[in-house]
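Chemist: What follows is a structure written as structure tokens; I'll ask about it next.
Values quoted throughout were computed directly from the atomic coordinates according to the rules given, and no laboratory measurement underlies them. No experiment lies behind these values; they were computed from the predicted model shown.
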Amino acid sequence: MANNVTGLTRIIKAAGYSWQGLRAAWQHEAAFRQESIAALIAIVIACWLEVDAVTRVLLIGSVLLVVIVEILNSAIEAIVDRVGSDFHPLSGRAKDMGSAAVLLSILLALFVWIMLLWPLLR
């Protein structure tokens with residue numbers, strides 16, 4: 001049966017599903033909570049700093065990217081765990097790759113912050 005929800009109703013339903021996903025990540029994923037709190041602190045700092053708009057957007061965007069990648073990693077882990085608890089090399093690979101994506105996003109955020117703020121700290 002096709003889903004015939006369109007227009008504003010579809011947008012409202014999609015927003016509800018997104019909210020459910022954020023709540024699930026907060027409730028079930030310690031890494032998401034930790035990274036979200038760190039991102040919130042970084043966003044406050046980025047708004048407080050006397051920098052131009054482009055720099056502020058890059059600072060904030062880089063930390064939001066970490067949170068986004070963590071949500072995707074958590075989704076990968078959830079579906080792998082749903083498939084089964086028996087060890088399988090592909091399951092381990094999927095989880096490791098998701099974790100690597102989070103690590104790379106964190107390193108990118110650190111790089112962006114250091115590169116953009118280094119002139120201010122000198």
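Chemist: State the Cα centre-to-centre distance between the range 48-64 and the range 89-110 in whole Å.
Modeler: Between the Cα centres of the range 48-64 and the range 89-110 lies a distance of 24 Å.
Chemist: For the chain, state the average projected area of the convex hull of the C-alpha atoms over all orientations, rounded to one decimal in nm².
Modeler: For the Cα atoms of the chain, the hull's average projected area reads 10.9 nm².
Chemist: Counting pairs of alpha carbon atoms under 8 Å apart in space and at least six apart in sequence, what relative contact order in percent does the chain give?
Modeler: Value for the chain: 25 percent.
Chemist: Between the helical axis of 53-83 and the dominant principal axis of the chain, each derived from Cα atoms, what acute angle in degrees is found, rounded to the nearest 10?
Modeler: On a 0 to 90 degree scale, this one is about 20.
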